[in-house]
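The structure under discussion appears below in the form of structure tokens.
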Amino acid sequence: MKYSQKIAKEAIISFLSMVIGSGFRYFLVLILARWVGPSYLGIYSLANAIMKFAEVIGKAGLDNGVIKYASEKFGKNSINDGIEIIFSAIKMGLILSVFSSITLIILSDWLAHDFFVGGQLLKRVLIYNACALPFSVTMIIIASATQSFKLLKYKSFVINIFVPIISLLSIVIGLQISNEVAISIPILFSSIFGCVLIAFFLIKLVKIKISDHVKINIKKSKFSIDLLRFSYPLMFVTIIGTAMHWMDIYMLGFFFDSTTVGMYHPPARTAGLMRMILIAFMGIFSPILSELYSNNDRNGMIGLYHLVVRWIMTLALPLFLLIILFPKKVMFLFGTQYQESHMILSILTTAVLLQTFIGIGGPTLTMTGYPKINFINSIFVLFINFTLNIYLIPLYKGIGAAIATLTSITFLGLIRSIEIWYILKLQPLCLKLIKPFLAIFIVLLLMILIKPLIMPFHTIISLIIASIIIGFSFILLLRIIGLDEDDKQVLSALKMMFFNNN
């Protein structure tokens, strides 16, 4: 299979999995926004952001380490040693997550009353989430361990689909009792059920792999110092990424109340939908780029870089246009009180579009042997983002946080683009990129004429009509302008996925 077909096939599989999960998560936020209001939604968002930070410490990078070491053992046909590594990672992760859970419970009062303005409600939700930590961390490590068997389906199903479904069902059930229960139990229930299910899948894989006469269990497994030594530094890299991702939520919660956070969460979640496109392509882009770099295939690297950027933008531009043209309509889905957040949505959507355009710069630096440069970039931009948030949020609240995010992403993208051009002589622009931009510009002109005609309709009807017109006209224009050979291979990859039984 050619690279373009391989990229298309793997990216589509990954993208569809994430679309389903993100759809459930988005619906989850929509239900909370409409039924419990901004204040409760803000508490949920703050507790979730704090939980993610504690989760990073509990994992200690073991989710990445277990993939590397267990895969190496299986590759050398040392099956029992590989399974020993998996059990060791689970055991260490469980112990570290319990420690992280206890620490979060101890700090919950200070976080809820002194650092954030969340009160007793935030404290109680934090304690619920802290109880979920051992299950969520164990679930993530086990899910990563199943990847070492060269299988992605178990992790994709449990993490991307099953967990969001359980979270959504938990909220629906919780709403029958009280708003507090609705925002308290989703993470706890989804972590417990997700952990049980992925453990079931792992046991099935282990029984197939391991020799019948060898008995290995998690209680007798030894701590792997090499695994911990490799994994622990990765925790700091993930901490920076987590802090960058949730910085706006942390800072809004610090300066203002949970209602302000709740008004910010829906536009942030909506804008983040476009980020799925970038993530879907990164999973297959990174290993192929690494292979081309190791073979010193410069032309292949340039072609791959331009190909992925063009496909990412081709998928992202129609969604960007829909949100930018109808921000108030999109926010109205969450309730009338969220319409004032439409400016936040527009700013964040622009930031995410920029991130999708130049976002492959980070993996490119890492896969070509420059992870330290990538790490330094992240620390530097995290400091810039933190400084901007301190200055802008007290003045402009959510809009200030959105501007800080847009500025930080722009700055990070420019730094990476300059470095990649200087070191690798790679840049995202190419003549073929004109096609999607020309097509979306024509669609924009069309929508300017049509928008006044569909605005009076019900919100959902207006958005459906706009989506159909944007999507259909964009695809039609691309076909009129002309498909490249690579684009035809995407269609070929789709046919292979859905119509080839081999």
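The values are calculated or read from the model by the stated rules, or taken from the named source; none is laboratory data. These numbers were taken from a predicted model, which means no experiment stands behind them. Here the Cβ is made from the backbone with ideal geometry for all residues, glycine too, and neighbour counts use every protein chain on show. Heavy atoms of the whole protein, side chains included, go into the accessibility calculation; ligands, DNA and RNA do not. Shrake-Rupley method; radii C 1.70, N 1.55, O 1.52, S 1.80 Å.
Taking all protein chains as shown and a probe of 1.4 angstrom, Glu72 keeps an accessible surface of around 80 Å².
Each distinct pair of alpha carbons in region 294-333 adds a 1/r term; the inverse of their mean, the Kirkwood radius, is 12.5 Å. Under the simplified labelling scheme, the Ala199-Ile79 pair shows an inter-label distance of 2.4 nm, with each label point 7 Å from Cα along Cα→Cβ.
Under the classification rounded if a/c is under 1.5, otherwise prolate if a/b is larger than b/c and oblate if not, where does region 275-414 fall, given a ≥ b ≥ c as square roots of the Cα gyration tensor eigenvalues? It is oblate, given that a/c is not under 1.5 and a/b is not larger than b/c. The dipole here belongs to region 305-450: it is taken about the Cα centre, uses +1 on the Cβ of Lys and Arg and -1 on the Cβ of Asp and Glu, and is about 260 debye. Multiplying the residue separation of Trp421 and Ile240 by 0.36 nm and subtracting their alpha-carbon distance yields 62.7 nm. Put simply, the amide H of Asp257, placed in the peptide plane, has no neighbours under 5 Å, leaving out anything fewer than 5 places away on its chain. Evaluating 6.51 cos²θ - 1.76 cosθ + 1.60 at θ = phi - 60° for every residue in region 265-271, the Karplus couplings come out as 5, x, x, 5, 5, 5, 4 Hz, glycine and proline recorded as x. In the chain, the portion of solvent-accessible area held by carbon and sulfur atoms comes to 70 percent [1.4 Å probe, whole percent, DNA, RNA and ligands not counted]. For the residue pairs Lys91/Lys204; Lys68/Lys372; Lys397/Lys451; Lys52/Lys372; Lys372/Lys397; Lys76/Lys153, the C-alpha atoms sit more than 26 angstrom apart in Lys397/Lys451; Lys372/Lys397. Computed over the chain, the per-residue total of -39500 (n - 2.57) for DSSP H runs of n ≥ 4 gives a 222 nm mean residue ellipticity of -28000 deg cm²/dmol, rounded to 500. Relative contact order, whole percent, for region 44-94 stands at 37, derived from Cα pairs under 8 Å and 6 or more residues apart. Region 288-333 and region 269-283 have their alpha-carbon centroids 9 Å apart.
For Leu16 and Leu444, the difference between the fully extended length at 0.36 nm per residue and the C-alpha to C-alpha distance is 151.4 nm.
Per residue, the accessible area of the chain comes to 46 Å², computed with a 1.4 Å probe over protein heavy atoms only. Couplings for region 86-94, taken from phi via the Karplus curve 6.51 cos²θ - 1.76 cosθ + 1.60 with θ = phi - 60°, read 4, 5, 5, 5, 5, 5, 5, x, 5 Hz in order; Gly and Pro are left as x.
Full extension of the chain between Thr336 and Ile102 gives 80.3 nm of extra length, using 0.36 nm per residue less the Cα-Cα distance.
Rounded, prolate or oblate, given the Cα gyration tensor of region 92-192, with a/c below 1.5 counting as rounded? Judged from the Cα gyration tensor, region 92-192 comes out oblate (a/c at least 1.5, b/c at or above a/b). Peptide packing: for 271-280, 332-341, 185-194, 293-302, the average count of neighbouring Cβ atoms within 10 Å per residue gives the ranking 185-194, 271-280, 332-341, 293-302, highest mean first.
Computed with a 1.4 Å probe on the full set of protein chains, the accessible area for His458 sits at about 110 Å². In the chain, the ratio of gyration radius to Kirkwood radius, Rg to Rh, stands at 0.96 when only Cα atoms are counted. Going by the alpha-carbon gyration tensor, a ≥ b ≥ c the square roots of its eigenvalues, is region 228-277 rounded (a/c under 1.5) or, if a/c is not under 1.5, prolate (a/b greater than b/c) versus oblate? In terms of gyration-tensor shape, oblate.
The charge dipole of region 59-118, taken about the Cα centre with unit charges on the Cβ atoms of Lys, Arg (+1) and Asp, Glu (-1), comes to about 260 debye, rounded to the nearest 20. Largest to smallest in accessible area, the residues Tyr250, Tyr128, Tyr264 fall in the order Tyr128, Tyr250, Tyr264 (1.4 Å probe, all protein chains included).
For a label point 7 Å from the Cα of Ile177 along Cα→C-beta, name the residues of region 109-125 whose backbone N is under 12 Å from it. Backbone N within reach: none found.
Using C-alpha pairs under 8 Å with a sequence gap of at least 6, the mean separation divided by the residue count of region 298-365 gives a relative contact order of 36 percent. Take every Cα pair under 8 Å whose residues are at least 6 apart in sequence, average their separation, divide by the length of the chain, and the relative contact order is 20 percent.
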